[in-house]
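One structure below.
Every number here is computed from the coordinates shown, using simple stated rules; none is lab data. Worth saying up front: this structure is predicted, and the values here are computed from it rather than measured. Reconstructed Cβ throughout: ideal geometry from the backbone, glycine too, with neighbour counts over all protein chains shown.
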Amino acid sequence: MKKTYHVNEKGYYGTFGGAYIPEMLYPNVEELRQQYLDIMYEESFQKEFKQLLKDYVGRPSPLFYAERLSAKYNTKIYLKREDLNHTGAHKVNNTIGQILMAKRLGKTRIIAETGAGQHGVATATVCALMGMECIVYMGEIDISRQAPNVARMKMLGAEVRAAKSGSRTLKDATNEAIRDWISNPVNTHYIIGSVVGPHPYPDMVARFQAVISEEIEWQLQEKEGRSYPDHVIACVGGGSNAAGAFYQYLDDERVNLIAVEAAGKGIHSGESAATSVLGEDGIIHGSRTLLMQTKDGQITEPYSISAGLDYPGVGPMHAHLYDSKRAEFISITDDEAMTAGLELSQLEGIIPAIETSHALAIFDTRKFKEDEIIVLNLSGRGDKDLNTYIDYFKL
Ligand SMILES: *Cc1c(COP(=O)(O)O)cnc(C)c1O
């Protein structure tokens, strides 16, 4: 059998993945598992999905040759412009897919978890589009530090519910969303925002995000006369934008995959989100993966200046890419990321999300050859981060 980095029939990537869920959740997850592939690949589903990606999200997103950035680092850098999508990041590719899935499954009520609020906004957006009830769980701390996104969700008609337990951040919001789903198994679909959670979520979300690398293939063919780059670079929080940018190349070993994590104030500073380096085997939110934990298995609080990378685990696909050494993993500190964000702004006129700035920072530490073709997934725009940039650089 040919070696593959895709999920197997049981929902595992190597030893990672699976569905470790309470019995009460089994009917929901099992219903989804049995139906997701059939539904996704129905002709009418594909037609509606593609139409919305085109007319509502604004796809295809451009593949932009960054001439001044390339000249500075003496290599060939293309930026995949997910920042130009409606709502400003890649997350909407997945929420469009999942809202269509929810409709086909006959669900009328949507729940979601959010940390920085980006996934909450993308979910509230598609719920407004489809006229569905939307409840977003968010940690109490995150609600107070991400006020503009809370306002956006409310403006879009969603209800934002505060998670008041634990550290009152993303993982607690996720716990609340799971609790809600257990209590509302029949009419509710849970839209998870990254390639995390029990099988089939990581695979389903990766397939929705795969549109990113499907476009890169034909865009590179047009520009370079070949459909694959030498390197694909993406930042990793849970791992969905990376999964989408890697997807078509997972089993193509001509392509080097580079995943960039947040080292916060330094990998070993105690304030970091470098999950694969620091993480160990464990179970979080329904799947077996690498996660940051204490000796007795309690989840450690992650830290990053970027709210989107501030998650104590990575999805099981990425745990396997790390473990098998299929992908290179690099950690970037807050300071390195902020500097790279400012540099892209001034070299190319594009202000990136701070998550994306982590990916951009690798050009200072990892050298590439002059004739190599690199695609960096520009996962989101920096509008939401302006205040953080302003404070940091005293602009
Ligand atoms: C949420 C987010 C991320 C991190 O999530 P992934 O699932 O790892 O992609 C990265 N970049 C942006 C702009 C985001 O909004």
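Here are some notes:
- Selection from ALA263, ALA327, GLY225 lying farthest towards where the dipole of the chain points positive, charges on Cβ: GLY225
- Each Cα pair of the stretch 315-382 feeds into the Kirkwood radius, which the Stokes-Einstein equation turns, at 25 °C and 0.890 mPa s, into a diffusion coefficient of 187 µm²/s.
- Taking other C-beta atoms within 10 Å as the exposure proxy, HIS318, HIS358, HIS86, HIS285 rank HIS86, HIS285, HIS318, HIS358 from fewest upward.
- Shape category assigned to the stretch 148-187 from the gyration tensor of Cα positions, a/c cut at 1.5: oblate
- Principal semi-axes in Å for the stretch 261-319 [√(5λ), Cα gyration tensor, largest first]: 17, 12, 9
- The three principal axes of the Cα atoms in the stretch 42-101 give end-to-end lengths of 45, 21, 16 Å, sorted in falling order.
- Each part gets one Cα centre, and for the stretch 373-387 versus the stretch 1-80 those centres are 19 Å apart.
- Distance from the stretch 86-102 to the stretch 337-356 (C-alpha centre basis), Å: 25 Å
- Stokes-Einstein diffusion coefficient of the stretch 87-149, Kirkwood radius over Cα pairs, 4 °C, 1.567 mPa s, in µm²/s: 109 µm²/s
- The phi-based Karplus calculation (6.51 cos²θ - 1.76 cosθ + 1.60; θ = phi - 60°) puts the 3J(HN,Hα) values of the stretch 44-59 at 5, 5, 4, 5, 5, 4, 5, 5, 5, 4, 6, 8, 9, 7, x, 7 Hz, whole numbers, x for Gly and Pro.
- Working note: Debye formula, equal point scatterers on the alpha-carbon atoms of the stretch 65-217, no solvent; log10 I(q)/I(0) at q = 0.09, 0.13, 0.21 Å⁻¹ is -0.32, -0.61, -1.31.
- Options ILE283, ASN85, ILE362, ranked by Cα towards positive dipole end of the chain, top entry (Cβ charges): ASN85
- A Cβ-based charge dipole, computed about the Cα centre of the stretch 224-311 with Lys and Arg at +1 and Asp and Glu at -1, lands at about 80 debye.
- Where only C-alpha atoms are counted, convex hull volume of the stretch 16-65 per residue in Å³: 149 Å³
- The order of the peptides 211-221, 6-16 by mean Cβ neighbours within 10 Å, most packed first, is 211-221, 6-16.
- Over the chain, the reciprocal of the mean inverse Cα-Cα separation, the Kirkwood hydrodynamic radius, stands at 20.8 Å.
- Anchor LYS3: aspartates and glutamates whose Cα lies under 19 Å away (excluding residues fewer than 8 positions away in-chain): ASP203, ASP251, ASP252, GLU253, ASP323, GLU328
- The average projected area of the stretch 9-115, computed from the convex hull of its Cα atoms over all directions, is 10.6 nm².
- Where labels lie 7 Å past Cα in the beta-carbon direction, separation of LYS50 and ASP296 in nm: 5.5 nm
- Highest average packing first - 235-244, 305-314, Cβ atoms within 10 Å: 235-244, 305-314
- Listed residues LEU360, LEU129, LEU290, most fluctuating in the chain (Gaussian network, C-alpha, under 10 Å): LEU129
- Partnerless cysteines, meaning none of the other Cys C-beta atoms lie under 4.7 Å away, in the chain: CYS235
- Rounded to two decimals, the Cα radius of gyration of the stretch 157-250 over 2.2 N^0.38 Å is 1.42.
- Convex hull volume per residue for the stretch 269-363, taking Cα atoms only, in Å³: 103 Å³
- Applying a threshold of 24 Å to the alpha-carbon distances of LYS54/LYS171; LYS50/LYS107; LYS72/LYS384; LYS154/LYS384; LYS76/LYS384; LYS54/LYS223 flags LYS54/LYS171; LYS72/LYS384; LYS76/LYS384 as lying beyond it.
- A simple charge model with +1 on the Cβ of Lys and Arg, -1 on the Cβ of Asp and Glu and nothing else charged puts the dipole of the chain at about 460 debye relative to its Cα centre.
- HN-Hα J in Hz across the stretch 359-372 - Karplus 6.51, -1.76, 1.60, θ = phi - 60°, x for Gly and Pro: 4, 5, 5, 6, 5, 7, 10, 10, 8, 10, 7, 4, 9, 7
- For the stretch 204-286: Kirkwood Rh in Å [reciprocal of mean 1/r, alpha carbons]: 14.3 Å
- Environment charge at GLY17 (Cβ cut-off 11 Å; Lys +1, Arg +1, Asp -1, Glu -1): +1
- Three semi-axes of the equivalent ellipsoid, the stretch 138-205, Cα gyration tensor, whole Å, largest first: 21, 14, 13
- Largest GNM mean-square fluctuation among PRO62, PRO22, PRO202, using the chain with Cα springs under 10 Å: PRO22.
- Debye, to nearest 20: dipole size of the stretch 112-186, +1 on Lys, Arg Cβ, -1 on Asp, Glu Cβ: 180 debye
- Considering only the chain, percent of DSSP beta bridges that pair antiparallel, nearest 5: 30 percent
- Residue among ASN94, ASN85, ASN184 with the largest mean-square fluctuation in a Gaussian network model of the chain, springs linking Cα atoms under 10 Å: ASN184
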